[in-house]
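A.B. asks: Here's a structure for you.
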Amino acid sequence: MRIDLQVHSRYSDGYYTPAQLARFLNYHGIKVASLTDHNTINGQGEFRRACAHYGIKTVPGLELYVRYKSRTFNVLWYNYDQSSPELIKMLESTWSRRRRFAERVASRLRRLHIKLDLPLFISQHPRYLPANHLADAIWAIPSNRRLIKKELNLDIIREEDIMRFCLFPKTGARLQDAHVSWTRLLKLRKLVGGQLIFCHPGLNNKLRGQLLSDLLATGMDGLELLSPHHGHNTIMHLNAIINKEKIIATGGSDFHKPSDPETRPRYSWDWFVIKTENLPGIRKIIDYKK
């Protein structure tokens, strides 16, 4: 059975609404899906209703920025209690911090004469401020385009260039992620249930050091095995860990928007088919009962 347990909508940094996303997943033959927007669950209801129309089973999902000691990483959380006031309070806390980071960035951009209507942007993205959409909003203003081109002295400006110059400079205010401590997350999971999965652990050298061992020892339920961020060697390495530790393996496309047909494949249906039979323990997530 074909599944996808990591997709994103416009409620965070995706480009499709949950309803459009459901239609897209149906076109690609997905039978079980999870909307894992960053730090928000606001799109879950729309996604669940839209997927039901196509006969797609949904798993409540969420992607969180997490901190453990000096390390930061992402966690996928499945099958939590969506009505939990404790969960909502924690997500509201991350939203408030993210907004403060954005306000500092907007102040720095004003000094650079780069225009940004942050209140309008916040009204359009009320629970998460995505860097990619923020870069789009900045680039949409002609005077900003002229200024950025002049400052960077580049013929072709990529989204990464806009983000680096406007949102993630080497010095000054940056649009930081609002991290949750791993300890706090474990305590909250005891209240609201579900499974915690290390999100694309092979990305950005997250496998170095003791991080993975510590997370598994303290309560991580599994690893995202199949991901477009993982090469063959990483998948083989993670698979060996999964079999040894007897933990859950998941797979997802990390879908945000369709890839440009002229570029290399970026998403799971370009790289591989994610099937349940290739993922040990996956039934603990897709057949989860409270």
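A.B. asks: Would you mind putting 70-76, 221-227 in packing order, based on average other-beta-carbon counts within 10 Å, highest first?
C.D. replies: Numbers: 70-76: 18.1, 221-227: 25.7.
Packing order, densest peptide first, comes out as 221-227, 70-76.
A.B. asks: In percent, what relative contact order does the chain have, based on Cα pairs under 8 Å that are 6 or more apart in sequence? Spell out each step's value before the answer.
C.D. replies: Details: 473 pairs, mean separation 64.2, N = 290.
Normalised by residue count, the contact order of the chain is 22 percent.
A.B. asks: Taking the DSSP beta bridges in the chain as the whole, what percent of them are antiparallel, to the nearest 5? Present the calculation step by step, with values, prior to reporting the outcome.
C.D. replies: On the way: 13 of 28 bridges.
That works out to approximately 45 percent antiparallel.
A.B. asks: Can you work out D for the chain in µm² s⁻¹ from Stokes-Einstein, where Rh is the Kirkwood radius over C-alpha pairs, the temperature is 25 °C and the viscosity is 0.890 mPa s? Let's see the in-between values first.
C.D. replies: Numbers: Rh = 20.0 Å.
For the chosen part, D equals 123 µm²/s.
A.B. asks: Beta carbons within 10 angstrom, averaged per residue: use that to sort the peptides 29-40, 240-251, highest first. Each step should come with its number before you reach the end.
C.D. replies: Values: 29-40: 23.8, 240-251: 17.3.
Result, highest mean first: 29-40, 240-251.
A.B. asks: Which pairs in the list 57/206; 115/150; 69/187; 190/284; 89/257 are over 27 Å apart, alpha-carbon to alpha-carbon?
C.D. replies: 57/206; 89/257
A.B. asks: Something else about it: What nm distance separates the two modelled labels at residue 123 and residue 151, each placed 7 Å from Cα along Cα→Cβ?
C.D. replies: Using points 7 Å along Cα→Cβ, the separation is 2.6 nm.
A.B. asks: Please list, in order, the residues from segment 1-15 whose amide nitrogen is less than 18 Å from a point placed 7 Å along the Cα→Cβ vector of residue 257.
C.D. replies: Only 7-15 pass the distance filter.
A.B. asks: With labels modelled as points extended 7 Å from the Cα through the Cβ direction, what inter-label distance (nm, one decimal) is found for residue 17 paired with residue 57?
C.D. replies: The modelled label-to-label distance comes out at 2.8 nm.
A.B. asks: Follow-up question, since we're still on this one. Where q = 0.16, 0.19, 0.20 Å⁻¹, what log10 of I(q)/I(0) comes from the Debye formula for segment 92-167, counting one point per Cα?
C.D. replies: -0.55, -0.76, -0.84
FYI, it's all coordinate maths here, none of it is from the lab. Owing to the predicted nature of the structure, the values given are computational and were not obtained by experimental measurement. Neighbour counts run over all protein chains shown; Cβ positions are idealised from the backbone, glycine included.
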